[in-house]
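The values are calculated or read from the model by the stated rules, or taken from the named source; none is laboratory data. Fair warning: this is a prediction, and the values are worked out from it, not measured in the lab. Don't worry about glycine lacking a Cβ; one is built from the backbone with ideal geometry, like all the others, and counts go over all protein chains shown.
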Amino acid sequence: MTELKKIGVVGAGQMGNGIAHVCALAGYTVVLNDISEPALEKARETVEKNMQRQLSKEFISLDEMTSALDRMTFTTDLSEFGDVDLAVEAATEKEPIKVDIFAKLLQNVSPDAYLASNTSSISITRLASTTDRPERFIGLHFMNPVPVMQLIEVIRGLATDQATYEMALTLAERLNKTVANAEDFPAFIVNRVLMPMINEAVYTLYEGVGTVEGIDTAMKLGANHPMGPLQLADFIGLDTCLSIMQVLHDGLADTKYRPCPLLVKYVEAGWLGRKVGRGFYDYRGDAPIPTR
C-alpha cells in the first residue's frame with residue numbers, strides 16, 4: 001500500500017475546503033483545486049477562519065495552524081496533481097460533473113494514485129467504472145462541517161481492492177475520524193436515513209400539518225435533535241437534498257423516496273438555503289425568518 005504524503009482535493013466548496021483543512025492539519029501536503037479563482041480565494045479565507053476558531057478554543061496550537069496553512073496550495077491547474085498519492089473529488093452532487101472531473105484527473109495524476117469520491121449518494125462502483133483503476137477507487141463520504149464532524153463513511157465499490165480499503169482506514173485514523181463501513185447502495189447509511197426524514201418534514205410543511213418554526217421546534221424539543229430538519233436542509237443545501245432524494249427514488253424504485261413537490265419548487269426558485277441567503281428561512285436580515 002502506498003503511504004500517503006500528498007493529497008489533492010477537487011472542489012473548493014464547503015466539503016472540499018473542509019477536507020483540505022483536516023488533511024493539512026494531519027500533516028499531509030494538500031493541493032486544493034477549483035475551476036473558479038474566487039471560489040479558491042473564498043476557500044482560503046474559510047480555512048483560515050475555521051483554523052482561527054480552533055486556535056481560539058485551544059483545539060490546535062499556533063504552530064500547528066501555521067504549519068498546516070504552509071502545507072496548502074490553492075490552484076485552478078490540475079497539472080499540480082501530478083505527484084499526489086490520493087485525489088479526492090468533492091464537487092457538487094451531480095454524476096455527470098463527477099465523471100468529467102475523474103476524466104480530467106486521469107490526464108494528470110500518476111498511474112499509482114488512489115482515487116476517491118466524497119459523494120453522499122452516487123454509486124461508487126459506477127463512478128469507478130469510468131476510470132482506468134476501479135480497484136484503486138473508493139468512497140470517502142465526510143460529514144459537514146468536516147473539521148467538526150467525526151464520521152467518515154467508507155464505501156467500497158465492487159472492484160475496490162483490500163489495499164485501497166486499508167489506505168482509507170489509515171487515512172481516517174490519522175484524521176482522528178471514526179469509520180462507518182457502508183455498502184454501495186444509494187445514499188449509503190447517513191443519507192439513506194436522514195434525507196427521507198428531511199423530505200417528510202417538507203411534506204409535513206407542504207400538507208399544512210405544521211409551520212416551518214413548528215416543525216423545527218417539535219423535532220428539536222420532541223426528539224432532542226440539535227437542529228430542526230428544515231433548518232438542517234437549509235444548511236446542507238436544498239439542491240443537494242433534492243439530488244439525494246432523486247438518487248434514492250431512481251435507484252431503489254420505491255415511492256416512499258419521492259421528493260416532495262415543495263422541495264422541488266424551492267430548488268426551482270433558486271432558494272437553496274443558507275448558501276444563497278434564502279431557503280425555508282430567509283437569512284438576509286439580522287435573524288432567520290421562515291419563508292413559509
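Identify the residue in segment 167-190 that is within 17 Å of the chain's Cα centre (by Cα) and over 14 Å from Ile124 (Cβ atoms) and, among all such residues, is surrounded by the fewest Cβ atoms within 10 Å (Cβ to Cβ).
My answer is Thr178.
Which of the residues that make up segment 217-268 are over 14 Å from Lys94 (Cα atoms), touching a strand residue (DSSP E or B) at 6+ places or on another chain (Cβ under 9 Å) and among the polar types (S, T, N, Q)?
Gln231
Take segment 177-206 and flag every residue that is among the charged types (D, E, K, R) and under 17 Å from Ile138 (Cβ atoms).
Initial filter on segment 177-206 (among the charged types (D, E, K, R)): 177, 183-184, 192, 200.
Those that are among the charged types (D, E, K, R) and under 17 Å from Ile138 (Cβ atoms): Lys177, Glu183, Asp184.
Here's the yes/no breakdown for (1) aliphatic (A, V, I, L, M); (2) modelled with pLDDT of 95 or more; (3) touching an Asp or Glu at 6+ places or on another chain (Cβ under 7 Å):
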position	(1), (2), (3)
Asn118	no, yes, yes
Phe142	no, yes, no
Arg156	no, yes, yes
Asp161	no, yes, yes
Ala168	yes, yes, no
Leu171	yes, yes, no
Ala180	yes, yes, yes
Asp184	no, yes, no
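Of everything in segment 106-143, what is surrounded by fewer than 17 Cβ atoms within 10 Å (Cβ to Cβ) and touching a residue at least 60 places away in the same chain (Cβ under 8 Å)? Give them in sequence order.
Asp112
Please work out if Thr73 is under 28 Å from Gly237 (Cα atoms), assigned by TED's automatic domain parsing to the domain that holds Gly139, among the hydroxyl-bearing types (Ser, Thr, Tyr) and in contact with a His (Cβ under 9 Å, 6 or more places away or on another chain).
no
Would you mind finding the one in Thr46, Thr130 that is polar (S, T, N, Q), under 16 Å from the mean Cα position of the chain (by Cα) and not assigned by TED's automatic domain parsing to the domain that holds Cys241?
Among Thr46, Thr130, only Thr46 is polar (S, T, N, Q), under 16 Å from the mean Cα position of the chain (by Cα) and not assigned by TED's automatic domain parsing to the domain that holds Cys241.
What is the residue count in segment 205-235 for residues that are closer than 15 Å to Thr291 by Cα, hydroxyl-bearing (Ser, Thr, Tyr) and assigned to a helix (DSSP H, G or I)?
The number of residues fulfilling the criteria is 1.
Go through segment 201-227 and count every residue that is surrounded by fewer than 18 Cβ atoms within 10 Å (Cβ to Cβ), touching a residue at least 40 places away in the same chain (Cβ under 8 Å) and not β-branched (Val, Ile, Thr).
3
Condition first: aliphatic (A, V, I, L, M) and either touching a residue at least 60 places away in the same chain (Cβ under 8 Å) or part of a helix (DSSP H, G or I) (or both). Now tell me which residues in segment 165-189 satisfy that.
Answer for segment 165-189, where residues must be aliphatic (A, V, I, L, M) and either touching a residue at least 60 places away in the same chain (Cβ under 8 Å) or part of a helix (DSSP H, G or I) (or both): Met167, Ala168, Leu169, Leu171, Ala172, Leu175, Ala187.
Considering only segment 31-68, state which residues are over 21 Å from Lys275 (Cα atoms) and surrounded by 16 or more Cβ atoms within 10 Å (Cβ to Cβ). Step through it out loud before you land on a result.
Keep residues of segment 31-68 that are over 21 Å from Lys275 (Cα atoms), which gives 31, 52, 54-68.
Matches in segment 31-68: Val31, Gln54, Ile60, Glu64, Met65, Ala68.
When only residues in segment 102-133 that are out of contact with any Ser or Thr (no Cβ under 8 Å at 6 or more places or on another chain) and of a type in the set (Ser, Thr, Tyr) count, which is nearest to Asn144 (Cα to Cα)?
Among residues in segment 102-133 that are out of contact with any Ser or Thr (no Cβ under 8 Å at 6 or more places or on another chain) and of a type in the set (Ser, Thr, Tyr), the one nearest to Asn144 (Cα to Cα) is Thr119.
When you scan segment 68-96, how many residues do you find that are free of Cβ contacts under 8 Å to residues at least 40 places away in the same chain and closer than 24 Å to Lys6 by Cβ?
3
Of all residues in segment 81-105, how many are crowded, with 16+ Cβ neighbours inside 10 Å, of a type in the set (Asp, Glu), modelled with pLDDT of 95 or more and outside any loop (DSSP other than H, G, I, E, B)?
So the count comes out to 1.
Considering each residue of segment 133-162, count those that are within 12 Å of the chain's Cα centre (by Cα) and hydroxyl-bearing (Ser, Thr, Tyr), and give that number.
Residues that pass the stated criteria total 0.
Restrict the check to segment 250-257 and report whether at least one residue is crowded, with 22+ Cβ neighbours inside 10 Å and among the charged types (D, E, K, R).
Checking segment 250-257: not a single residue is crowded, with 22+ Cβ neighbours inside 10 Å and among the charged types (D, E, K, R).
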